1. If you take the residues in region 113-147 that are of a type in the set (A, V, I, L, M), touching a strand residue (DSSP E or B) at 6+ places or on another chain (Cβ under 8 Å) and within 23 Å of PHE73 (Cβ to Cβ), which one is surrounded by the most Cβ atoms within 10 Å (Cβ to Cβ)?
2. Is it fair to say ALA141 is modelled with pLDDT under 95, in the same structural domain as ALA114 (by TED's automatic domain parsing) and among the aliphatic types (A, V, I, L, M)?
3. Check region 55-69 and report whether any residue there is surrounded by 21 or more Cβ atoms within 10 Å (Cβ to Cβ), more than 22 Å from ASN193 (Cβ to Cβ) and touching a helix residue (DSSP H, G or I) at 6+ places or on another chain (Cβ under 7 Å).
4. Return the pair list, or none, for Cβ contacts closer than 8 Å from residues in region 171-183 that are among the hydroxyl-bearing types (Ser, Thr, Tyr) to residues that are surrounded by 12 or more Cβ atoms within 10 Å (Cβ to Cβ), at least 6 apart or on different chains.
5. What pairs can you find where one residue is in region 1-12 and free of Cβ contacts under 8 Å to residues at least 24 places away in the same chain, the other is of a type outside the set (D, E, K, R) and part of a loop (DSSP other than H, G, I, E, B), and their Cβ atoms are less than 8 Å apart, with a gap of 6+ or different chains?
6. Out of all the residues in region 22-46, which are in a helix (DSSP H, G or I) and either touching a strand residue (DSSP E or B) at 6+ places or on another chain (Cβ under 8 Å) or buried (at least 17 other Cβ atoms within 10 Å of the Cβ) (or both)?
7. Out of all the residues in region 197-206, is one or more surrounded by fewer than 17 Cβ atoms within 10 Å (Cβ to Cβ), at pLDDT below 95 and among the hydrophobic types (A, V, I, L, M, F, W, C)?
8. Would you check if there is a residue in region 66-74 being modelled with pLDDT under 95 and part of a helix (DSSP H, G or I)?
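The values are calculated or read from the model by the stated rules, or taken from the named source; none is laboratory data. Predicted, not measured: the structure shown is a model, and the values here were computed from it. When we count neighbours, we look across all protein chains shown, and the Cβ atoms used for this are built from the backbone with ideal geometry, even at glycine.
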Amino acid sequence: MNDAGLKWLLIDSCGAVATLAVGRGKMTLATETVAGRALSAEWPAALRKLSAIAAWKVNELQAVGVVHGPGSFTGVRVGLAAAKGLCEAAGAKLIAVSRLEVLAEQGVAGGLAALDAGRDQFYVRDAGAEFLMGRDEFLTAARERPVVTPDEQVANIRADAVLVELDATSALPMVLKRWSEARFDDVALQDANYVRSERDIYARQPLAGGSGK
């Protein structure tokens with residue numbers, strides 16, 4: 001499919017701040033930044049502002065690209081819900097991309113893309129596969145290999161890591177490629193990319209010396 005003239009919206013709500021962007025084809029027309037915790041309340045107003053700048057109505061949207069994790073648990077869910085709702089309302093195509101894959105595109109061949117997962121754990125993309133790793137496992141995997149990350153927490157333990165900034169427009173090349181290949185996601189079935197399962201996320205941690213029950 002030809003992306004010339006394609007009217008798109010991108011959403012990345014995986015980090016401390018969320019970004020939305022609108023554009024046509026390969027051109028970004030406007031972007032808006034919203035505090036991550038305020039996204040659920042503020043994204044409709046942000047979208048109206050962006051649509052006004054772009055001079056088109058929301059129902060003219062053809063594609064909604066969303067970075068669906070990993071990242072902030074609440075942020076990822078809000079961003080994905082907004083993207084799915086807009087696709088339903090506007091009849092747009094949904095294209096969900098992994099934040100780790102977007103990040104890997106900023107690095108070099110043979111390197112690792114890494115995100116801080118908190119609690120001394122890291123989300124890692126290596127050769128197309130994604131993992132949740134502990135500190136020691138990550139340092140072993142990253143030994144003598146380039147690492148790209150947007151997080152200072154990762155750079156603190158790998159001083160030679162390449163720090164990059166990610167926002168919604170970082171996903172644009174991948175979204176346009178998916179559009180050209182007519183590879184879209186099912187709005188009803190698409191879920192967040194947690195890397196680990198929801199069972200692991202919600203699992204209660206055992207108390208010291210106890211069974212955790």
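1. Only one residue fits best here, namely ALA114.
2. Here the answer is no, as ALA141 does not meet what is asked.
3. Yes: one or more hits.
4. Taking only residues 6 or more apart or on different chains, the pairs are SER180/MET1; SER180/ASP3.
5. From residues that are free of Cβ contacts under 8 Å to residues at least 24 places away in the same chain, the pairs are ALA4/GLY25; GLY5/GLY25.
6. Just the residues of region 22-46 that are in a helix (DSSP H, G or I), to begin with: 36-46.
Result: GLY36, LEU39, SER40, GLU42, TRP43, ALA46.
7. yes
8. Taking every residue of region 66-74 in turn, at least one turns out to be modelled with pLDDT under 95 and part of a helix (DSSP H, G or I).
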